[in-house]
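Take a look at the structure set out below.
The values are calculated or read from the model by the stated rules, or taken from the named source; none is laboratory data. Computed from a predicted structure; not experimentally measured. Quick reminder, even Gly has a Cβ in these numbers, built from the backbone with ideal geometry, and neighbours come from all protein chains shown. All accessible areas refer to the heavy atoms of the entire protein, side chains included, with ligands and DNA or RNA removed. Shrake-Rupley method; radii C 1.70, N 1.55, O 1.52, S 1.80 Å.
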Amino acid sequence: AVRSAVEREAARRGVPLLIKPVGCTGICHRTPLIEIRPPQGEPVTYANLQPAQVAALLDRHLPVNPFTALARRLGRWLGDEVDAELDGRRYQLDDAESAPFTASQVHIATEGWGEHDPLDLDEYVAQGGFDALRMALRDGAEAVLTAVTAAGLRGRGGAGFPTGRKWRAARNAPGPAKYVVCNGDEGDPGAFMDRMLLESWPFRVIEGLAIAATAVGAEDGILYIRAEYPLAVTRIRAALATLEARGWLGAKLLGEGQPLALRVVEGAGAFVCGEETALIASVEGRRGTPRLRPPFPVERGLDGKPTCVNNVETLACVPWIVRHGAAAFAAHGSGGSRGTKVFALAGKVRRGGLVEVPMGMALARIVTEVGGGVAPGRTFKAVQIGGPSGGCIPAALCDVPVDFEALGRLGAIMGSGGLVVLDDRDCMVDMARYFLRFTQDQSCGKCTLCRVGTRRMQAILERLCAGTAQPTELAELERLAHQVEAGSLCGLGRTAPNPVLTTLRHFRAEYEAHLAGRCPAGRCTALIRYQVADGCTGCSACAQICPVEAIPFTPYARHVIDDARCTRCDACRGACPHDAIRIIDRGVACPA
Ligand code: SF4
């Protein structure tokens with residue numbers, strides 16, 4: 001809508017503007033963003049713009065046609081004010097404000113962030129795009145395998161398997177026909193890394209997949225993208241069509257190399273299809289359920305042929321590694337975790353967005369330096385890393401580096417890159433319930449412990465949140481979690497208990513409080529009630545907004561909430577201008 005408003009305003013003024021759409025800047029907390037680059041002078045960036053502010057924005061930067069100016073002044077005078085004024089101080093994104101968000105980042109998978117038109121092939125080529133593929137074709141498969149192995153690149157989809165080893169196994173697998181697959185089936189709540197990479201850097205992901213094909217000797221490839229990402233699907237299809245029209249895909253890669261045919265397959269939205277054997281079953285037209293390994297997909301995968309499946313971010317790193325060399329990539333990171341990691345930074349953080357940081361950076365630095373910490377007056381409580389397969393790390397332990405092994409020692413996993421920041425208003429039992437509900441719902445049902453065990457765990461968590469669990473049920477929850485972990489076939493079941501086990505380990509006191517019928521964070525609706533405190537002036541804002549009429553309208557008198565009617569929707573707290581509504585947990589005030 002903002003872009004259309006710019007186009008409309010520019011046309012109305014008869015001013016020729018070059019409007020360039022660009023990919024993700026990562027600064028999601030300030031979008032929509034517009035950068036104005038005048039023919040002379042410094043560029044200026046505006047954030048959080050609304051379509052109604054566009055006219056005032058262009059007034060600041062373009063000569064205004066005197067008739068337009070007069071018409072707009074008349075419109076205002078007549079009360080027909082359609083354009084909002086632009087408060088430059090509020091909307092202008094200055095460097096001091098955005099610098100902390102970007103200063104600690106290292107852009108490899110997201111190289112050229114916010115600069116490129118995602119579908120402009122010539123621009124991508126001018127920025128070094130497809131140089132890496134050309135080098136791979138010139139130097140041969142062995143050189144690529146050596147570079148990717150020496151770089152220490154590990155799969156970014158969650159498990160962290162060494163990419164070079166996987167590619168070599170696929171290359172060495174017997175058989176004339178092989179496949180490469182880009183796994184874009186990102187389904188964890190809170191994660192949007194793959195989506196942004198596919199939407200903003202389609203040529204880079206395709207180039208990474210083409211390099212993988214040259215390394216393993218595949219002439220066919222698939223980009224498996226979940227159907228819930230329609231823009232990603234559209235852009236990848238458009239990028240493939242552009243490359244085919246230029247003769248760079250199909251009979252000869254870049255018009256000179258081996259044949260490579262690529263196509264898009266849309267996933268139907270099952271989280272378990274992110275597991276490679278389930279993904280392959282889905283591509284073959286069967287129900288997307290995992291199977292026992294071995295044989296591994298690199299030995300026998302799609303249509304029984306060796307198949308090398310790599311995550312989107314893994315592939316997006318490959319062109320950079322080939323262009324800059326393995327040592328440059330390995331220079332970032334710690335221990336066995338080299339390079340960078342892209343995170344979807346979200347939750348109770350002030351600056352959320354897509355961030356790429358060097359491996360080895362402490363989690364606390366990502367939250368405070370990059371994300372700006374939690375809101376003033378709030379306490380940073382924990383980080384949920386890796387989505388439903390990951391775990392909760394308490395703030396006190398967040399000096400842990402982003403490193404596959406270090407996170408594992410705390411009972412968490414890197415996962416694909418969801419990073420949800422929690423503050424003192426978040427209930428850890430409720431958080432565990434939320435993630436377990438997701439994995440329970442997404443279990444394919446093949447394994448008894450994943451299918452039934454997670455259901456029984458969920459039932460205990462529901463009882464805890466309702467204040468009806470028995471004291472023996474904490475031990476039962478823990479026992480079931482270990483059984484599900486040990487008795488499940490695929491990563492979904494094996495990691496589903498992680499949010500429960502990590503919160504039990506680091507926040508046991510909260511579970512015990514729930515056994516006693518209390519929710520210290522004031523989150524579990526069955527265990528709290530709302531009360532109007534002394535600061536009430538009787539303004540009646542709460543009574544007006546309550547959707548269930550639980551607050552009688554008593555102007556100028558202190559209002560009272562009818563506990564039996566109240567659904568704990570929280571609307572009244574947001575509406576009260578005097579901050580006079582309290583959440584009460586067994587007589588104790590919860591974090592406001
Ligand atoms: Fe299906 Fe769960 Fe077994 Fe995985 S662990 S195969 S999701 S039942």
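Tabulated data for the structure shown
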item	result
Among 6-18, 355-367, 567-579, 219-231, the order from most to least packed when residues are scored by Cβ within 10 Å on average	355-367, 219-231, 567-579, 6-18
Accessible area of the chain belonging to carbon and sulfur atoms, whole % at 1.4 Å probe	53
Accessible-area order (highest first, 1.4 angstrom probe) of the listed residues ARG134, ARG558	ARG558, ARG134
Ranked by how many other beta carbons lie within 10 Å on average, peptides 193-201, 112-120 from highest	193-201, 112-120
The chain shape via C-alpha gyration tensor axes, a/c threshold 1.5	oblate
Efficiency of FRET between ALA103 and VAL452 - r from beta-carbon atoms, R0 60 angstrom, step 0.05	0.75
Spacing of the two label points (7 Å from each Cα toward its C-beta) at ALA396 and LEU70, in nm	7.3
Local electrostatic count at GLY26 - Lys and Arg +1, Asp and Glu -1, tallied over other residues with Cβ under 11 Å	+1
Using a Förster distance of 60 Å, the FRET efficiency for THR31-ARG508 (Cβ separation, nearest 0.05)	0.90
Distance from the range 546-578 to the range 247-277 (C-alpha centre basis), Å	56
Percent of beta bridges antiparallel (DSSP, the chain, rounded to nearest 5)	60
Rounded, prolate or oblate (a/c below 1.5 giving rounded, otherwise prolate when a/b exceeds b/c) for the range 130-194 by Cα gyration tensor	prolate
Theoretical gain in end-to-end length, GLU42 to ARG246 [0.36 nm per residue, Cα-Cα removed]	69.8 nm
12 Å beta-carbon shell around GLN458, net charge (K/R +1, D/E -1)	+4
Cα gyration tensor shape for the range 181-329, rounded if a/c is under 1.5, else prolate or oblate	rounded
Dipole magnitude (debye, nearest 20) for the chain, charges at Cβ of Lys, Arg, Asp, Glu	1020
Helix-only mean residue ellipticity at 222 nm for the chain, each DSSP H run of n ≥ 4 adding -39500 (n - 2.57), per residue, nearest 500	-11000 deg cm²/dmol
FRET E, pair ALA143, ALA466, Förster distance 56 Å, beta-carbon r, rounded to 0.05	0.40
Extreme residue, positive dipole direction of the chain, given options LEU492, PRO38, ALA412 (C-beta unit charges)	LEU492
Charge-dipole axis of the range 311-380 as Lys and Arg at +1 and Asp and Glu at -1 on Cβ define it, positive-most pick from VAL374, LEU363, SER334	VAL374
Segment TYR556-ARG134, extension gain: residue separation times 0.36 nm, minus the distance between their alpha carbons	144.3 nm
Relative contact order [Cα under 8 Å, 6+ residues apart], the range 261-324, whole percent	20
The range 207-343 - share of DSSP beta bridges that are antiparallel (%, nearest 5)	30
